[in-house]
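See below for the structure under consideration.
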Amino acid sequence: MLGINLFNGLVYGALLIIMCSGLALIYGLRRVVNFAHGALYMLGAYLGYSIALHTNFWVALVAAPAVMALFGVLLDRYGFRLLQDREPLSVVLVTFGLLLVIEDFVQTVWGKSNLSLPAPELLAFSIDLFGTQVPAYRVGVIVVGAAVALGLSLWLRFSRIGLFVRAASTDPATTAMQGVNTDNLSAVVVGLGTALAGLAGVVAAPFLSLSPAMSADVLIDSFVVVVVGGLGSLAGAFVAALLLGMVQSIGAVYLPNVAVLLPFLLMVAILIWKPAGFAGSRT
């Protein structure tokens, strides 16, 4: 039983890695606390649902994040870029307003009823794990999470754009003085972060029901992950996502009465031990 709980925690942790990578990237470069990130995840899930109905899941897995990436570029150009010199409270209010707009848009287009997307036929079978049958699709979620973590790590470490992103996250003014167009760089990062939120939504759709309220829980968990991992730190977010996934899964079984409080208790405990988070806060 414990092995299955750990497996489920790993699945949720992998989903959080996909989701929180985008949130950490956007904060690391734009210093924007994006309260709309959960709504972007939800929008990606619904877009994936509609695309899959007319084509198939694999097309949706590529097309929905691509559409979300374009939306992210527009969001940076006409939103975050205009707010970069404003006080943090203004940015929070704007992103929270965007969250409400997206939620209303989703309810208008897809309605308020819960929807579900079946797992692709290629992964519609079970695997024996610790003597228990588990859906192969959930193993696929772990693979996608690991691929995102590895791909982002390699991109940031070895690509030219990744080097610019790391430099701009540390000192945007000096990076701009070296001839790097930080506005275009920010558009790339926000587009990528938004695409990852959309990817997380499509990946989550076959095993989590789709509803206009689905953004709330994952947004709270995402902010816990980013804070515990260290603001703007991608590596810290990876570790914190896996840890929170395990805590959520095991707590739901063994401590159901306080399971909803466990993410916050984890955050408090980690921040008391290490106030800047696992990897330190990039400020």
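Bear in mind that the values in this text are calculations on the coordinates, not laboratory data. A quick note: this is a predicted structure, and the numbers were derived from the prediction, not measured. In this analysis, Cβ positions are derived from the backbone assuming ideal geometry, glycine residues included, and neighbour counts consider all displayed protein chains.
Restricting to the range 51-65, name every residue that is touching a residue at least 24 places away in the same chain (Cβ under 8 Å) and crowded, with 16+ Cβ neighbours inside 10 Å.
ALA52, PHE57, ALA60, LEU61, ALA64, PRO65
Looking at (1) in contact (Cβ under 8 Å) with a residue 24 or more places away in the chain; (2) more than 22 Å from LEU185 (Cα to Cα); (3) touching a helix residue (DSSP H, G or I) at 6+ places or on another chain (Cβ under 8 Å); (4) surrounded by fewer than 21 Cβ atoms within 10 Å (Cβ to Cβ), can you tell me which one ILE4 breaks?
ILE4 satisfies all of (1) in contact (Cβ under 8 Å) with a residue 24 or more places away in the chain; (2) more than 22 Å from LEU185 (Cα to Cα); (3) touching a helix residue (DSSP H, G or I) at 6+ places or on another chain (Cβ under 8 Å); (4) surrounded by fewer than 21 Cβ atoms within 10 Å (Cβ to Cβ) except (3).
Anything in the range 112-158 that is part of a loop (DSSP other than H, G, I, E, B), among the hydroxyl-bearing types (Ser, Thr, Tyr) and touching a helix residue (DSSP H, G or I) at 6+ places or on another chain (Cβ under 9 Å)? List them, or say none.
SER116
Pick from the range 210-269 the residues that are hydrophobic (A, V, I, L, M, F, W, C) and in contact with a Cys (Cβ under 7 Å, 6 or more places away or on another chain): which of them is surrounded by the fewest Cβ atoms within 10 Å (Cβ to Cβ)? Spell out the reasoning first.
The initial filter retains those residues of the range 210-269 that are hydrophobic (A, V, I, L, M, F, W, C), namely 210, 213-214, 216, 218-220, 223-228, 231, 234-235, 237-244, 246-247, 250, 252-253, 255, 258-262, 264-269.
Going one step further and asking which of them are in contact with a Cys (Cβ under 7 Å, 6 or more places away or on another chain), we end up with 225-226, 237, 241.
Values: VAL225: 31, VAL226: 27, ALA237: 34, ALA241: 30.
Looking at residues that are hydrophobic (A, V, I, L, M, F, W, C) and in contact with a Cys (Cβ under 7 Å, 6 or more places away or on another chain), I get VAL226.
Restricting to the range 75-107, what's the tally of residues that are under 22 Å from LEU192 (Cβ atoms) and part of a loop (DSSP other than H, G, I, E, B)?
1
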